Each structure stands twice: as structure tokens, then as C-alpha cells.
Amino acid sequence: MSGESFAAIRTTLKKAAALLRDAEVPFALGGGLAAWARGGPESDHDLDLMVKPEDAERALEVLAEAGLRPERPPEGWLLKAFGENGVLVDLIFRPASGPITDAVLARGDDLEVCAVRMRVMALEDVLVTRLLALNEQHLDYKGPLATARALREQIDWGEVFDRTRESPYARGFFALLGELEIVDGIVLTRSGREGA
């Protein structure tokens with residue numbers, strides 16, 4: 001990613017986060033930017049803001065009133081807004097891991113990101129969301145792998161494993177982490193677990 005592109009993402013993030021904060025719409029920064037906020041690599045082409053289903057329309061209205069172009073895609077799990085710099089803001093309310101709830105938001109941390117205080121989704125939730133979204137049509141380990149490499153010590157791998165164990169794509173990711181020796185052969189130490 002070019003420095004200009006990431007600068008545009010940061011600018012849009014600051015604006016969108018401040019708008020939602022001022023409108024008292026609860027949200028958490030998710031996706032690659034949540035990892036970046038904790039020391040991970042720069043994110044790719046858009047930014048993910050996680051909102052509860054009942055707050056999604058209000059969040060979109062707030063952004064639209066400030067000049068972002070709203071879009072309601074047919075997928076039924078997110079809404080979109082485009083900034084004047086072309087940056088896409090995904091308002092995700094029902095990811096593959098389940099709807100965003102007060103509990104999901106509460107698990108996050110309040111961090112200063114781009115000089116704006118905001119809730120940032122827990123790394124475990126970021127990874128669970130990304131891994132459960134994988135399927136035959138979308139099988140891209142690049143983002144989760146970059147997060148794992150950069151932030152492995154900050155992640156409760158046992159929790160991520162437990163929450164994604166039914167997904168063959170998540171199990172493939174754990175096998176990959178073990179083969180690459182990113183996480184000690186994926187030894188799961190919490191009660192009831194065996195090393196994978």
C-alpha cells in the first residue's frame with residue numbers, strides 16, 4: 001500500500017470515528033486497522049467499524065449527513081459509506097462470527113488511534129471474525145497471517161481456536177501457523193485442550 005493511500009484511510013478513520021462518537025453511536029474499530037492500532041501492519045484498502053445491528057442505520061445516517069456517500073449492499077450484514085478521498089468505510093453489524101453485541105464491544109479496548117480515542121475490537125474477535133468468514137470463494141489467509149506474525153504474543157490463541165474449531169478453513173490456518181512456527185506448534189494450554 002502506498003503511504004498516500006494509508007494516509008487517506010487514517011484521515012477517514014479520524015473523521016468517521018469522531019462523527020460516531022459525537023453522535024453517541026457505539027462502535028469499535030475492527031479488521032486490519034484494529035490490529036494496526038496494536039502494532040500490526042498497515043491495513044489494506046478499507047476500514048471496518050463494528051456496530052450493533054440496531055445502530056447500523058443510524059451510523060450510516062451520521063456518516064451520510066457529514067458528506068460520505070452511503071450504500072446499502074444486498075449482502076445484509078454490512079452497510080457502506082465512501083469518503084471524498086475514495087476510502088470505503090464498512091459498517092459491519094452481522095459478521096460470520098455472529099451479530100455485534102454489547103459484549104463484543106465491551107471486550108475491546110479504548111485506545112488512542114490517529115489522535116482520536118475510540119474502542120478497538122479485541123484481537124481475538126478480529127481473528128475469529130476473519131477466520132469464520134473464510135470459504136471456498138474467499139480463502140485469503142494474508143490478513144490473519146500478518147496479524148498472527150506481528151501480534152502473536154497479544155493473542156489468546158486458545159480462545160481463537162475454541163471459537164473457530166468447527167471451520168475447516170480455520171483449522172487450516174492453525175496448521176499453517178504451526179508449520180511456520182509462528183505460535184509454538186499451537187500448544188493449547190487451557191483446560192480441556194490438547195496441543196494441535
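The values are calculated or read from the model by the stated rules, or taken from the named source; none is laboratory data. Computed from a predicted model, the values in this text were never measured in an experiment. When we count neighbours, we look across all protein chains shown, and the Cβ atoms used for this are built from the backbone with ideal geometry, even at glycine.
Structure data summary
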| read-out | value |
| --- | --- |
| Those residues of segment 147-173 which are in a helix (DSSP H, G or I) and among the basic types (Lys, Arg), in sequence order | 149, 152, 163, 171 |
| Among residues of segment 25-37, those that are outside any helix (DSSP H, G or I) and either within 12 Å of the chain's Cα centre (by Cα) or under 10 Å from residue 91 (Cα atoms) (or both), counted | 5 |
| Top-ranked residue of segment 107-116 - restricted to ones that are free of Cβ contacts under 8 Å to residues at least 40 places away in the same chain and in a strand (DSSP E or B), ranked as nearest to the chain's Cα centre (by Cα) | 109 |
| Residues (among the β-branched types (Val, Ile, Thr), farther than 11 Å from residue 164 by Cβ, buried (at least 18 other Cβ atoms within 10 Å of the Cβ) and touching a helix residue (DSSP H, G or I) at 6+ places or on another chain (Cβ under 6 Å)) located in segment 107-134 | 120, 126 |
| Filter result (farther than 12 Å from residue 40 by Cβ, surrounded by fewer than 16 Cβ atoms within 10 Å (Cβ to Cβ) and either in the same structural domain as residue 30 (by TED's automatic domain parsing) or in contact with a helix residue (DSSP H, G or I) (Cβ under 8 Å, 6 or more places away or on another chain) (or both)) within segment 135-170 | 135, 139, 156, 165 |
| Filter result for the condition that a residue is of a type outside the set (Val, Ile, Thr) and either at pLDDT below 95 or closer than 30 Å to residue 67 by Cβ (or both), over 111, 132, 127, 123 | 111 |
| Residue 69 assigned by TED's automatic domain parsing to the domain that holds residue 96, farther than 20 Å from residue 119 by Cα and of a type in the set (Lys, Arg) | yes |
| Selection within segment 49-65 - assigned to a helix (DSSP H, G or I), in contact (Cβ under 8 Å) with a residue 40 or more places away in the chain and over 16 Å from residue 84 (Cα atoms) | 53 |
| Segment 48-76, residues that are of a type in the set (Gly, Ala, Ser) and more than 22 Å from residue 106 (Cα to Cα) | 64, 66, 67, 76 |
